[in-house]
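These notes are about the structure you will find just below.
Read-outs: derived from the displayed coordinates by stated rules, not from any lab. Keep in mind the model is a prediction, meaning the values are calculated, not measured. Here Cβ is always computed from backbone atoms with ideal geometry, including for glycine, and neighbour counts include all displayed protein chains.
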């Protein structure tokens with residue numbers, strides 16, 4: 001159970017992501033907007049020759065577009081053959097957690113419910129374990145749950 | 001073990017595919033030892049490998065087939081049609097089993113014994129079956145020496161492709177940085193690197209290519225089986241199997257092609273008796289040919305059957321209520337033939353098992369157009385039908401237009417654009433009724449949308465006219481779309497967009513242009529759906545009548561030369577500008593001062609497209625003339641003389657191309673003759689880069705021995721003595737050593753440089769130059785010449 005987790009903050013919440021889901025964490029430089037998109041699709045961004053679809057997790061949770069100055073970082077992930085950049089407020093650490101994932105406790109905010117899978121504890125603080133694929137295909141996940 | 005099994009399965013499947021055609025060919029010529037051996041080898045290999053892999057059913061089947069074939073090899077049996085059918089059946093079963101093993105499904109449990117029995121019984125001496133017609137697939141040669149190949153996973157190739165794309169982007173960035181500091185050494189090294197990268201990109205994209213042979217592999221078998229089922233004799237000709245196209249493209253073309261071939265055999269080619277009655281040879285002729293034309297693959301399927309009965313098509317359309325009889329009367333012959341593409345129409349009297357499966361030509365056309373292709377029919381009633389498919393070379397590179405709307409850039413496939421005009425154009429009038437906008441272009445009314453409105457963008461205030469494009473989606477009807485401007489046209493590398501973006505329904509993919517800003521490719525059909533445009537054709541016949549009136553005045557065609565540029569694009573150039581086409585020795589081309597030139601008949605003429613280095617020894621060049629000026633235009637190859645509309649179908653005002661004309665269904669760029677001649681240097685290129693220096697004192701020893709060599713060394717032509725009776729060139733400069741030289745002999749206005757032997761000037765007015773002051777002398781010559789030029 002010594003899995004590597006990435007710990008990040010997004011939309012005021014501490015989250016943990018399995019490192020196997022992550023390709024890289026990059027600084028977002030420029031996002032080309034895509035008209036006609038739901039609010040959480042922020043646009044496209046080029047990472048070398050790859051084009052990332054930028055997902056604004058904050059907008060997904062709160063339903064409001066995050067202001068563009070507060071997108072310093074994006075987690076790059078390959079989800080079913082396409083490249084995505086999931087925008088987070090900050091990334092704090094990447095390390096193994098001896099205990100692994102713990103079951104959810106307490107009343108979870110409804111906005112997070114479709115995405116949260118478990119709790120991961122790092123240095124005594126709880127983090128919400130989320131799956132990046134869940135942000136892209138939330139319905140599939142809720143069907144499975 | 002799993003690896004071995006996997007290898008065995010994929011190898012078997014591949015050989016089966018290739019072999020199907022061989023078996024049919026062998027049937028027509030049972031004495032053909034090479035083919036027999038090839039088939040025998042296949043069964044032998046299967047038998048050998050599956051014994052080892054413990055696949056008893058494979059072993060039993062292949063063993064039986066091998067037995068029969070070896071009898072035939074030894075002459076104990078003849079390869080009659082029944083035997084061939086039985087062998088084919090065994091091959092099919094092996095294919096099914098292989099498929100099942102590959103997908104991990106349960107093996108189909110038909111009884112193999114029946115097949116094996118029929119294999120043995122087939123040897124009956126009845127031979128009553130009609131001999132199959134010869135199949136000429138023209139690929140006998142070189143069968144025995146397969147290419148050395150290895151198997152690669154597609155993902156690895158995609159990785160390579162991405163790597164090269166990264167490299168190109170890095171190269172572009174480097175190029176930008178290099179431009180800021182100009183260092184010729186660095187530039188040439190960089191140039192070399194650029195060439196390597198470009199070559200590499202080409203080579204990598206070739207790895208995705210596949211021979212059209214693969215597309216053809218299934219046809220002989222299909223033709224044979226269908227022919228036997230229907231009692232028709234078909235002489236099949238396959239051509240151009242070595243043409244290569246993108247492997248994904250091959251997959252996309254298989255279905256339409258299969259359908260067309262089936263149709264042709266089922267409905268096109270008649271029964272032998274009917275053919276005889278019609279005075280045709282009993283065996284119908286079916287020809288499938290592929291060739292590359294520019295960045296398109298052209299696949300032509302032609303038969304000599306009865307063609308399409310247009311009167312029946314029309315009757316059927318009227319019967320369905322999709323066409324009124326009065327509009328039918330106005331249809332041209334081609335319009336009538338095109339009715340076959342309407343959903344649910346077919347001329348077949350009865351639905352047969354072969355082609356009447358509810359899949360009509362409308363589906364074929366939709367499939368072809370979905371991949372950016374074009375399908376055209378050439379109907380010769382009673383004589384046959386020829387169907388031409390034109391598909392792009394790859395799925396991933398398409399010619400597109402870059403448009404600007406709402407402050408953003410988008411791409412749209414060029415094939416979807418019918419016409420581009422400014423809203424200030426006289427032929428266009430915009431009106432709106434009940435909230436709907438209508439654009440009437442030369443009397444034809446189109447639904448009008450603004451791209452910004454469809455996409456929910458803010459429409460910026462924009463000085464100057466907006467651009468209206470007439471867009472035709474593959475299935476829908478044309479509509480007019482307003483955008484801020486059309487910026488450019490280029491070949492775009494299209495990649496799929498992620499599902500959330502595709503979900504919007506108006507995008508077809510995305511592309512990453514050199515500037516590193518991702519751009520979305522618009523989907524014409526999706527836009528029309530998103531704008532909820534009425535998808536009703538207004539009476540097309542009446543509309544066409546209107547158009548015909550307008551068109552009479554408008555469609556004037558001019559002769560044009562269709563050629564391939566050295567850079568590979570296929571373009572058109574007005575024939576009247578071309579004096580002749582010549583092959584010129586590549587060594588005669590050169591460049592100076594950034595302009596290309598070519599030496600022809602002792603003169604230097606400008607090269608219009610700046611190419612001056614070539615691979616071959618001879619260069620095909622067009623000699624152009626606008627009445628006064630002449631120029632050469634090197635091309636890779638001249639294709640044909642064609643008629644193009646005098647005004648291109650689509651106007652662009654950028655770069656060397658003034659528009660796009662549609663010729664024979666292909667979109668070709670038209671070279672802008674105006675821009676071409678405008679870019680030429682104003683004066684004819686003089687071979688001497690400097691004018692002549694005329695030494696007035698021809699007898700002077702100093703002038704002969706010291707001045708003349710000095711001038712020659714500096715690149716000037718030297719003439720001794722003022723030429724008598726010959727007009728002097730304005731750039732000629734007279735040099736004289738005598739201060740009081742007889743000025744009368746120097747024509748008026750000719751620049752004169754005076755030299756003196758004294759070190760200091762004789763007087764204040766003396767503008768002569770000390771004769772050993774080299775710098776001053778050169779400067780004076782230069783100044784005198786520039787004084788002329790000014």
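Odds and ends about this structure:
- Averaging the Cα positions of each part gives two centres, and for the range A:103-130 and the range B:404-434 these lie 51 Å apart.
- Of the peptides A:23-31, B:561-569, the ranking by mean beta-carbon count within 10 Å, highest at the top, reads B:561-569, A:23-31.
- 10 Å Cβ neighbours from other chains, averaged over peptide B:506-516: 3
- Listing B:148, B:603, B:77, B:224 from fewest to most neighbouring C-beta atoms within 10 Å gives B:148, B:603, B:77, B:224.
- What separates the Cα centres of the range B:151-180 and the range B:258-330 is a distance of 47 Å.
- Among the residues of B:161-172, the average count of other protein chain beta-carbon atoms within 10 Å of the residue beta-carbon is 2.
- Neighbour-count ranking [beta-carbon atoms within 10 angstrom, fewest first] of B:85, B:768, A:45, B:332: B:332, B:85, B:768, A:45
- Here residue B:613 and residue B:150 are evaluated by their C-beta separation; at R0 = 41 Å the FRET efficiency comes out at 0.70.
- Computed packing ranks the peptides B:174-184, B:21-31 as B:21-31, B:174-184, most packed first, by mean other Cβ atoms within 10 Å.
- Peptides B:228-235, B:260-267, B:375-382 ordered by packing proxy, namely the average of other Cβ atoms within 10 Å per residue, highest first: B:260-267, B:228-235, B:375-382.
- Pairwise Cα distances in the range B:402-547 exceed 25 Å in 26 percent of cases.
- Averaging Cα coordinates gives a centre for the range B:455-529 and one for the range B:599-638; these two points are 38 Å apart.
- Shielding of peptide A:40-47 by partners, expressed as the average count of other chain Cβ atoms within 10 Å per residue Cβ, is 4.
- Taking B:595, B:275 and counting other C-beta atoms within 10 Å, the order from fewest to most: B:595, B:275
- Simple spin-label estimate for residue B:770 and residue B:225 in nanometres, 7 Å along Cα-Cβ: 10.1
- Separation of the residue B:197 and residue B:329 label points, Cα + 7 Å toward Cβ, nm: 6.6
- Here r is the Cβ-Cβ distance between residue B:579 and residue B:674 and R0 is 22 Å; the resulting FRET efficiency, rounded to 0.05, is 0.80.
- Mean sequence separation of contacting Cα pairs (under 8 Å, at least six apart), scaled by the length of the range A:3-144, corresponds to a relative contact order of 26 percent.
- Taking label positions 7 Å along the Cα-Cβ direction at both residue B:459 and residue A:121, the computed distance is 6.1 nm, reported to one decimal.
- If you plug the beta carbon distance of residue B:172 and residue B:698 into 1/(1 + (r/R0)^6) with R0 = 60 Å, you get a FRET efficiency near 0.50.
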